[in-house]
Amino acid sequence: MKSENLFFAPESEEKDFSAILADVQAYISAHHSDLITGDIADAKAQMKRYITKYIQDRRISVSGMSGDKLADALYTEMAEFGFLTKYIFGTGIEEIDINSWRDIEVQYSDGRTVKLAERFDSPEHAVNVIRRMLHVSNMVLDNASPIALGHLSKNIRIAVLKSPIVDEDVGVSASIRIVNPQSMQKDDFVESGMATEPMLDFLSLCVRYGISICIAGATSSGKTTVAGWILTTVPDSKRIYTIESGSRELALVREKDGRVINSVIHTLTRDSDNDRQRVDQISLLDMALRFNPDIVVVGEMRGAEANAAQEAARVGVAVLTTIHSNSCEATYRRMVSLCKRAVDMSDQTMMDFVTEAYPIVVFCKQLENKQRRMMEIQECEILPDGSRLYRPLYQYIITENRMEGGRFIIEGHHEQVNCISDSFARRLLENGMPQALINQLKRKEV
């Protein structure tokens, strides 16, 4: 019998890892299912012991793998996430895109996108691994619920589609986003060409002195990375209240000699089928003002919470947030459309509100060559007659696009195009910025 050959073969005989995995999974599911679905404290350690005993008792082997290595591989595949584990918890990786069970790409923090040689064994195998990932956040993936959003840890989020949303032979499509904003330092931004030191200093000073900022751009443009860095420059005496959706991407608590030295409250939304148990960003924004924050961080504005955020910004709290948009000016129009999901108000009145709330908008973009650039920092100046003037302060000027040796080459540079307005300078002065710093911001770089 084939099963007898598998279980009682001498260790020198080569066996197929996929077949062994299927048998071990069947054994664990039949005899120790509580280790997979239960809340046993040392479930993973027990599972590894049972796997090791199973392969030892049956003298199972795979060519080129020691017994311990085989047990580790089987454990990783069952308790963790197979070959994806080393990418998910590796360094320098921002995103894993699963286009299908046999087409997986990894995006690195330097902009490179690499298509992996590794793949799942089958569409079913891909679905099973993704289900294990979603189990962490108690999400179900099946034909009745073929779309799922979940998280693996406080800084790893996952979006998933399965059939019938995608074709049956695809198995599953997923995007795993890994965010660690504090890994970037000012020098990293400057050396990579994303922004200049004066641009970064300007944004840091704005938040420090109570100015609300919205950072706009498409997915993977660097919005959250920039926001995360800005927040690391906030003085320890300033109180920060963060609101994120589903999974936490910001880690702002600072310690010294075992003591917390800054003031941070991290909050997360909670989804639920029960309306009374659901906690959305609007609820957390309402709660934020009761915690006396200096800075409120809204991880991303996607819906009606945009209205609560602009109201907070207009009552004197500095709000730092991100939004999907394709330019600085388009950002305000996008805000208006989101705010109107919460209130019935004319476009012009709402435009007046959001431009007052966010005098500074930053637009980030990932260029065709995968390089990230802060394309523009813009001030919206409110003139005495109430009209608005969009005032670009810094811009990235593209001087050439060309192909060279199969590579897309983009030449360009950042430059300051305007100084801050007098009205913005007065606002900074009222918020406590020293006059000497204001004078520097009112001088155009040569």
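The values are calculated or read from the model by the stated rules, or taken from the named source; none is laboratory data. Just so it is clear, the model here is predicted, and its values are computed rather than measured. FYI the Cβ positions are ideal-geometry reconstructions off the backbone, even for glycines, and counts take in every protein chain you see. To get the accessible areas, we keep the full protein, side chains included, count just its heavy atoms, and leave off ligands, DNA and RNA. Shrake-Rupley method; radii C 1.70, N 1.55, O 1.52, S 1.80 Å.
When the chain is treated as a GNM with alpha-carbon contacts under 10 Å, the residue of ASP72, ASP294, ASP97 showing the greatest mean-square fluctuation is ASP72.
Computed over the alpha-carbon atoms, segment 399-446 gives an Rg to Rh ratio of 1.35, Rh here being the Kirkwood radius from the mean inverse distance. Pairwise alpha-carbon distances in segment 337-445 exceed 21 Å for 53% of all pairs.
Basic side chains Lys and Arg get +1 at the Cβ, acidic Asp and Glu get -1 at the Cβ, and with that the dipole of the chain about its Cα centre reaches some 840 debye. Among LYS69/LYS115; LYS86/LYS115; LYS186/LYS370; LYS186/LYS223; LYS44/LYS69, which pairs are too far apart, with a Cα-Cα distance over 18 Å? Long pairs (Cα-Cα over 18 Å): LYS69/LYS115; LYS186/LYS370. Based on the alpha-carbon gyration tensor of segment 80-217 and its eigenvalue square roots a ≥ b ≥ c, which shape applies: rounded if a/c is under 1.5, prolate if not and a/b is larger than b/c, or oblate? Note, shape of segment 80-217 comes out prolate. Taking every DSSP bridge with both residues inside the chain, close to 70 percent are antiparallel.
Modelled spin-label separation between PHE89 and ASP422, with each label point placed 7 Å from Cα along the Cα-to-Cβ direction: 6.0 nm. Spatially, segment 290-314 and segment 366-428 are offset by 25 Å when compared through their Cα centroids.
Only one residue of SER325, LEU161, MET335 has its Cα farthest out toward the positive end of the dipole of the chain, where Lys and Arg carry +1 and Asp and Glu -1 on Cβ, and that residue is MET335.
Per-residue extension of 0.36 nm, minus the Cα-Cα distance of ASP97 and ARG49, leaves a gain of 14.0 nm for this segment. Per-residue ellipticity at 222 nm computed for the chain from its helices equals -10500 deg cm²/dmol, with DSSP H segments shorter than 4 residues left out and the rest contributing -39,500 (n - 2.57).
The calculated pair-distance distribution of the chain uses every alpha carbon pair, bins of 20 angstrom beginning at 0, and gives 22, 48, 24, 6, 0 percent.
Shape verdict for segment 181-241, please, from the Cα gyration tensor: rounded (a/c under 1.5), prolate (a/b greater than b/c) or oblate. In terms of gyration-tensor shape, prolate. Computed extension length for GLU118-GLU105: 3.7 nm, one decimal, from 0.36 nm per residue of separation with the Cα-Cα distance subtracted.
Measuring nothing but protein heavy atoms, the accessible surface of the chain at 1.4 Å probe radius is 47 percent carbon and sulfur.
Screening the chain for whole DSSP H helices with an alpha carbon extent of at least 20 angstrom along the helix axis and a mean Kyte-Doolittle hydropathy of at least -1.0 yields 17-31. Given bins 10 angstrom wide, list per bin the percent of all Cα-Cα distances in segment 185-340, short to long. So the P(r) values, bin by bin, are 10, 39, 37, 12, 2.
Farthest toward the positive end of the dipole of segment 58-127, out of ILE88, LEU70, ALA126, is the Cα of LEU70, where the dipole comes from beta carbon charges about the Cα centre.
Comparing VAL114, VAL140, VAL260 in a Gaussian network model of the chain where C-alpha atoms under 10 Å apart are linked, the largest mean-square fluctuation is found at VAL260.
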